[in-house]
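The values are calculated or read from the model by the stated rules, or taken from the named source; none is laboratory data. Bear in mind that the values here come from a model prediction, so they are computed numbers and not experimental data. Here the Cβ positions follow ideal geometry from the backbone for every residue, glycine too, while neighbour counts run over all protein chains shown. Remember, those area values only see protein heavy atoms, side chains included, never the ligands or the DNA or RNA. Shrake-Rupley method; radii C 1.70, N 1.55, O 1.52, S 1.80 Å.
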Amino acid sequence: MYSDVYELNFSKIKTYQECPVLYKLKYIEGKREGLVPASSLGVSIHRALEAYHKESNDPSELLSFYDDCWLGAGYSSAGEQMEWYLKGKKMLETYAQREYERKTMVDSTEREFIFEQKPWTFRGKIDRIDKWPDGSWEVIDYKTGTDIDFTQEVKDSLQLGIYAVGARRAWGLKNGRATLYFVAYDKTESVPFDAFDEEKILNTFIDIGKKIEVNDFEPNPAHCPQCPFNTRCEHSALAKQTQE
Ligand code: SF4
């Protein structure tokens with residue numbers, strides 16, 4: 001698998017932070033994680049929301065987009081699939097209720113930004129971009145999981161930070177906020193664009209980019225218990241424990 005070493009995005013950086021070996025497996029060797037129920041449901045919901053905002057914006061139609069966009073992969077049985085389908089349905093029923101009160105205009109969905117700081121190229125794709133009546137902007141990332149650590153400060157989110165920087169550098173959006181939308185909890189948390197330290201965010205990306213450039217891939221055993229490759233990675237701390 002070819003992955004341009006000078007092209008940085010949040011998924012790559014997050015993966016490297018979790019475990020550099022995991023980065024190597026995914027972005028250099030091209031190994032795939034495979035879908036599990038939570039990630040499969042995330043795909044279905046993201047697809048449904050994208051289609052809904054692009055084609056309709058009528059909340060009464062949201063669930064029919066969900067049905068059209070449903071992805072049946074990643075479930076071990078029909079019963080398990082139905083259980084997760086109903087979880088997603090509940091989330092979108094609540095999302096639709098909130099839609100009736102929305103004061104913003106949805107400007108775009110799944111919009112990609114790209115900007116350069118040579119030799120690095122920064123890319124990202126933002127789930128939804130809204131415009132407020134006062135002319136300010138809101139870039140929104142949907143979180144569909146239920147394993148959210150709400151003690152972590154959203155202002156420290158590297159993902160929101162690079163989205164705010166990307167919106168400014170690629171599209172010139174200066175006045176606004178970056179938001180995490182926790183769909184399963186019907187909860188949003190926002191940070192103004194100017195609360196993010198652009199230099200610090202870009203340096204975090206570039207520092208990791210430089211390690212990738214020189215093939216610095218040390219395992220991080222602390223991440224092994226939740227790693228999708230922990231049964232097939234030669235550095236897995238779990239595999240070593242089983243052998244002992
Ligand atoms: S199993 Fe452990 S060492 Fe291997 S990629 Fe996953 S986290 Fe890294």
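Worth pointing out:
- Checking the Cα-Cα distances for Lys103/Lys155; Lys24/Lys174; Lys174/Lys210; Lys24/Lys200 against a 32 Å cut-off, the pairs over it are Lys24/Lys174.
- For the residues Ala184, Ala164, Ala73, a GNM of the chain with alpha-carbon springs under 10 Å puts the largest fluctuation on Ala73.
- Its Cα centre serving as origin, segment 24-134 has a Cβ charge dipole (Lys and Arg +1, Asp and Glu -1) of approximately 560 debye.
- If R0 equals 41 Å, the separation of the Cβ atoms of Asn215 and Glu83 corresponds to a calculated FRET efficiency of about 0.45.
- The DSSP beta bridges internal to the chain are antiparallel in roughly 70% of cases.
- Dipole axis of segment 105-203 (+1 Lys, Arg; -1 Asp, Glu on Cβ), positive-most option in Pro119, Ser136, Ala184: Pro119
- At R0 = 51 Å, FRET efficiency that the Cβ-Cβ distance of Asp68 and Asp156 yields, to 0.05: 0.90
- Accessible surface of the chain, 1.4 Å probe, proportion on carbon and sulfur as whole %: 48 percent
- The GluC sites (Glu not before Pro) found in segment 88-123 that occupy coil by DSSP, while having at most 14 further C-beta atoms within 10 Å, are Glu101.
- Remark: segment 34-48, residue by residue, has Karplus-estimated 3J(HN,Hα) of x, 8, 10, x, 5, 6, 5, 4, x, 5, 4, 5, 4, 4, 4 Hz, where x stands for each Gly or Pro and the curve is 6.51 cos²θ - 1.76 cosθ + 1.60 at θ = phi - 60°.
- Prolate/oblate/rounded call for segment 50-195, Cα gyration tensor, a/c under 1.5 rounded: prolate
- Other-chain or far-sequence residues with amide H under 5 Å of Arg128's (modelled H): Glu110, Ile140
- Test item: Cα-centred dipole of the chain, Lys/Arg +1 and Asp/Glu -1 on Cβ, debye: 300 debye
- Using C-alpha pairs under 8 Å with a sequence gap of at least 6, the mean separation divided by the residue count of segment 105-203 gives a relative contact order of 25 percent.
- Segment 144-216 - accessible surface per residue (Å², probe 1.4 Å): 53 Å²
- The overall shape of the chain, judged from the alpha-carbon gyration tensor, is oblate: a/c is not under 1.5, and a/b is no greater than b/c.
- Dipole magnitude for segment 105-203: about 340 debye, using +1 per Lys or Arg Cβ and -1 per Asp or Glu Cβ, origin at the Cα centre.
- DSSP bridge pairs, segment 105-203: antiparallel proportion in percent, nearest 5: 75 percent
- Projecting label points 7 angstrom from Cα along Cα→Cβ for Glu199 and Ala38 puts them 3.7 nm apart.
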